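Have a look at the structure below before the remarks.
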Amino acid sequence: MSTNDYVKFVTQQFVRYIDKPKEERKQQRRQRKEERDSFVQRWFGVIPFAVMMWYRKKKE
């Protein structure tokens, strides 16, 4: 991909984003944030997450 093609692509994506209503953009951001895995699971995987849940359950 040449530099010109890349600039054209980025410009198109930016214009699409700006053309959307503000509420729709906020809703999309909230939805992406909700779908994302938790910090521990994203960075360290399932095992530390399971240990953390086991520890919390044992503590109660």
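Readers should treat all values here as calculations from the given coordinates under stated rules, not as data from a laboratory. Just so it is clear, the structure is predicted and the values come from calculations on it, not from any experiment. Note that each Cβ is placed from the backbone with ideal geometry, even for glycine, and that neighbours are counted across all protein chains shown.
Table for the structure above
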quantity: Lys, Arg +1 and Asp, Glu -1 on Cβ, resulting dipole of the chain about Cα centre, debye, nearest 20; calculated: 340
quantity: Computed lengthening from TYR6 to LYS59, 0.36 nm per intervening residue step minus Cα-Cα distance; calculated: 13.7 nm
quantity: For the range 39-59 and the range 3-31, distance of Cα centres in Å; calculated: 35
quantity: Cross-link partners of LYS26 among aspartates and glutamates (Cα-Cα below 14 Å; sequence separation of 8 or more within a chain); calculated: GLU34
quantity: Value at 222 nm in deg cm²/dmol, rounded to 500, when DSSP H runs of n ≥ 4 in the chain each add -39,500 (n - 2.57); calculated: -27000 deg cm²/dmol
quantity: For the range 12-26, 3J(HN,Hα) per residue [Karplus equation, 6.51 cos²θ - 1.76 cosθ + 1.60, θ = phi - 60°, Hz, x = Gly/Pro]; calculated: 4, 5, 5, 5, 4, 5, 5, 5, 6, x, 4, 5, 5, 5, 5
quantity: Ratio of Rg to Rh over the chain (Cα coordinates, Kirkwood Rh, two decimals); calculated: 1.30
